[in-house]
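Worksheet: one structure, shown below.
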There are 2 protein chains.
Amino acid sequence: MFLQIEPYSDIPIYTQISQQIIEGIANKDIIPGDSLPSVRSLAADLGVNMHTVNKSYHELEKKGLITIIPKIGAVVNVTREEGGVKGEQLDHMEKMLRPVVAEGIVYGLGLSEFELLIKRLMKTLQ
Amino acid sequence: MFLQIEPYSDIPIYTQISQQIIEGIANKDIIPGDSLPSVRSLAADLGVNMHTVNKSYHELEKKGLITIIPKIGAVVNVTREEGGVKGEQLDHMEKMLRPVVAEGIVYGLGLSEFELLIKRLMKTLQ
DNA sequence: ATTTTGTTCTACCTTTTATAGAACAATTTT
DNA sequence: AAAATTGTTCTATAAAAGGTAGAACAAAAT
C-alpha cells in the first residue's frame with residue numbers, strides 16, 4: 001500500500017484514502033481478489049485513526065468496489081464485468097461529471113479539449 | 001433566475017446555487033454583462049439565508065466567473081476568452097476530473113464510453 | 001492460547017454549513 | 001432631498017461533518 005495522506009488538504013482524509021485505493025485498482029496495482037490491509041494496520045501506517053480508514057472502506061463497499069467480510073477483512077471485487085458497464089454506474093458517473101462539464105463549458109472548453117483531458121488522464125491512471 | 005434548491009441534499013446549499021448559476025452561464029441563460037440578483041432578493045426567492053447566497057457568489061468570484069462590485073452587485077464576466085482556455089483553468093479541470101476518471105476506469109469505462117458521456121452532457125448543458 | 005480481525009459504543013473536539021439580526025456606508029430610486 | 005436597496009461586517013447560535021480516542025466484543029487466524 002503506497003498511500004500518501006495530506007493532513008491539511010481540503011479533501012477529507014477518508015476521501016483521500018478512497019481515491020488512492022481507486023487509483024490503485026485502476027492501474028492494476030491492486031487486482032480483484034486482493035485483500036486490503038486491516039483497518040488497524042493501514043491506520044497505523046498512515047498515522048490516522050482506525051475509524052477514518054473504516055469510513056473509507058465502507059465508502060468503497062457502497063460503491064461496490066470491495067466486499068467487507070466481518071472479522072476477516074476487505075477484498076477487492078471484480079468490477080470490470082463482462083456484459084459492459086452497469087446502468088446504475090453510468091448514472092453515477094453522469095452525476096459526478098455534470099458539474100465538471102458545466103464548468104468546463106463556461107471556461108470555453110470544447111469537445112476535443114475535453115477528450116484530450118480524458119485521454120491524458122486515462123494514460124496517467126491506467 | 002430559475003434555481004431549485006434541495007434543502008436535504010448532501011450537496012451544500014451554497015454549492016447548489018453555484019452549480020446552477022454555472023449551468024445558467026453554460027447554456028447562455030445568463031450571458032457576460034448580466035447582473036445577478038442581489039444576495040438579499042435571491043435569498044428571499046430561494047428561502048435561504050442571505051449569507052448562504054453571499055458565500056456562493058464569492059465562490060463564483062474565486063473561480064473568475066463573476067465580479068462583485070461592492071454596494072452595486074455581481075456581474076457575469078467574459079470567460080470564453082479569445083486566446084483559448086487558460087492553463088490555470090485546465091489544471092483546475094484536471095484536478096476535478098482525475099478522481100472521476102479513475103472511478104470510471106474501475107467500472108470498466110473505455111475512452112469511447114467517456115466520450116459518449118461527455119458528448120451527451122455537453123448537449124444537455126449547452 | 002494468543003493475537004488479530006471488524007464492529008460497536010461512548011466521548012470529545014474542530015471545522016463546516018446555515019441561520020439570524022444588527023449596523024454601516026455607498027448607491028440607487030423615488 | 002429622502003427613502004430604499006446594496007454588499008459588507010460583526011456577533012451569535014445551532015446542527016452536521018470530519019477526526020480522534022479508548023474500550024469492549026465475538027469471531028477468525030496464528
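Would you mind working out the accessible area per residue for the protein assembly as shown, using a 1.4 Å probe, and quoting it in Å²?
57
May I ask for the accessible area buried between chains A and B, both sides summed, probe 1.4 Å, to the nearest 100 Å²?
Accessible area lost upon association: around 4600 Å².
Under the definition of partner shielding as Cβ atoms of other protein chains within 10 Å of a residue Cβ, what is the mean value for peptide A:55-66?
Taking all residues of A:55-66 together, the mean is 1.
Which of A:Leu116, A:Leu60, A:Leu42 moves most in a GNM of chain A, Cα contacts under 10 Å?
Highest fluctuation among the options: A:Leu116.
Name the most mobile residue of A:Ser18, A:Ser35, A:Ser112, meaning the one with the largest mean-square fluctuation, in a Gaussian network model of chain A with Cα contacts below 10 Å.
Checking each option, the largest mean-square fluctuation is seen for A:Ser112.
Hey, what's the per residue convex hull volume over the C-alpha atoms of segment B:6-120, in cubic angstrom?
141
Relative contact order for chain A: what percent, with Cα pairs under 8 Å and sequence separation of 6 or more?
23
Under 8 Å for C-alpha pairs, at least 6 residues apart: give me the relative contact order for segment B:13-76, rounded to a whole percent.
In percent, rounded to a whole number, it is 39.
Along the charge dipole of the protein assembly as shown, Cβ charges K/R +1 and D/E -1, which of A:Ala44, A:Ile11, B:Ile11 sits furthest on the positive end?
With unit charges placed on the Cβ atoms, the residue in question is A:Ala44.
So how strong a dipole does chain B carry about its Cα centre when Lys and Arg Cβ are +1 and Asp and Glu Cβ are -1, to the nearest 20 debye?
200
With N set to the number of residues, divide the alpha-carbon radius of gyration of segment A:13-76 by 2.2 N^0.38 Å and report two decimals.
So segment A:13-76 has a normalised radius of gyration of 1.00.
Within chain A, which is the longest segment containing none of the trypsin sites (Lys or Arg not before Pro) that sit in a DSSP loop and have at most 15 other Cβ atoms within 10 Å?
Between the exposed loop sites, the longest stretch runs A:29-70.
Any chance you could list the semi-axes, whole Å, largest first, of the equivalent ellipsoid that the Cα gyration tensor gives for the protein assembly as shown, using √(5λ)?
Over the Cα atoms of the protein assembly as shown, the semi-axes work out to 36, 22, 16 Å.
Have a look at B:Ile21, B:Ile13, B:Ile69 and tell me which one the Gaussian network model of chain B (Cα, springs below 10 Å) gives the largest fluctuation.
B:Ile69
The values are calculated or read from the model by the stated rules, or taken from the named source; none is laboratory data. All values derive from a computational prediction rather than experimental measurement. Cβ sites come from the backbone with ideal geometry, for glycine too, and all protein chains shown count toward neighbours. These area figures cover heavy atoms from the full protein model, side chains too; ligands, DNA and RNA do not enter into them. Shrake-Rupley method; radii C 1.70, N 1.55, O 1.52, S 1.80 Å.
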